[in-house]
Amino acid sequence: MIDMQELIKKHAKNFVMIAGERKILEGISYREDRSVVMTDSHILLHVKEAHDYQEPTVMHHSTGRVIDGDYPNLEHMLNISYSREFTLNMIKIAPYLETLKVSNLIGNVGILKDDLTFKVSSVDRESYILTLEGKACDKFPATALKSIYLYKCLSVFKDLKVDTVRVQLGASGHLPLKFTDETERVQILIAPVKIGG
């Protein structure tokens, strides 16, 4: 298993805001409970027991400099109650992750269905379909996700070398999807994309 500090350093750029008005979101929040959280407001990475700093602080993801300001309170996001779930078999999915990254060239939004297929289509009718090996415990409504966010998320779990990823969904299609390892030490939230009218 990868060291948590290495994991954070490797993947931080995929979860923070790279440029924008909210400079605080370019940082990694080292929290009082020893967890680390980072988000760009669409995808969030939370790692428990990830640091030994004495004081909570926010550091820039690439320079390590302290960023002044208040990091958003994300407790409500980290403690959402979910009503549906499924599991993914990372051993079977891991070899195909790069194809998921490339699917972004076809279209940036894909539809995840309860048969665990993720389909990305373009206006030119090209399409990409990845069957996410796993077990659907419940039926759930088709959910639109940015394919690059799903790639970034599953890449973290690939690096963790976990066998199974638990995915939770809310009753409505408006809540973020929650991806966790077996121990729930690592959580990733992905906001769904609203499509149609």
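Read-outs throughout are calculated quantities, based only on the coordinates presented, and are distinct from any laboratory measurement. If you're wondering where the values come from, they're calculated on a predicted model, not measured in any experiment. No Cβ is skipped: glycine too gets one built from the backbone with ideal geometry, and neighbour counts run over all protein chains shown.
Key figures
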| item | result |
| --- | --- |
| Under the Karplus curve 6.51 cos²θ - 1.76 cosθ + 1.60, θ = phi - 60°, whole-Hz ³J(HN,Hα) for the stretch 51-63, x wherever Gly or Pro sits | 7, 10, 5, 6, 10, x, 8, 10, 10, 4, 4, 10, 8 |
| The chain: relative contact order as a whole-number percent, Cα under 8 Å and 6+ apart | 21 |
| Positive-end residue, the stretch 4-78 charge dipole about Cα centroid, Cβ charges, pick of PHE15, TYR71, GLN54 | PHE15 |
| Scattering curve values for the chain, log₁₀ I(q)/I(0), Debye with Cα scatterers, q = 0.12 Å⁻¹ | -0.59 |
| Amide H within-cut-off set for GLY134, under 5 Å, with H built and near neighbours excluded | ASN89 |
| Neighbour-limited loop hits for GluC sites (Glu not before Pro), the stretch 85-194 (at most 13 other Cβ within 10 Å; DSSP other than H, G, I, E, B) | GLU126, GLU182, GLU184 |
| Euclidean distance between Cα centres, the stretch 1-53 to the stretch 71-110, Å | 16 |
| The stretch 1-105: chymotrypsin sites (Phe, Trp or Tyr not before Pro) falling in loop per DSSP and having at most 16 other Cβ within 10 Å | TYR53, TYR82 |
| On Cα atoms only, tilt of 147-160 relative to the major axis of the chain in degrees | 60 |
| Shape category assigned to the stretch 1-94 from the gyration tensor of Cα positions, a/c cut at 1.5 | prolate |
| Value in Å of the Kirkwood radius, where the stretch 84-190 supplies the Cα pairs that are averaged | 13.8 |
| Packing rank of 72-80, 109-117, where each peptide gets the mean count of other beta carbons within 10 Å, highest leading | 109-117, 72-80 |
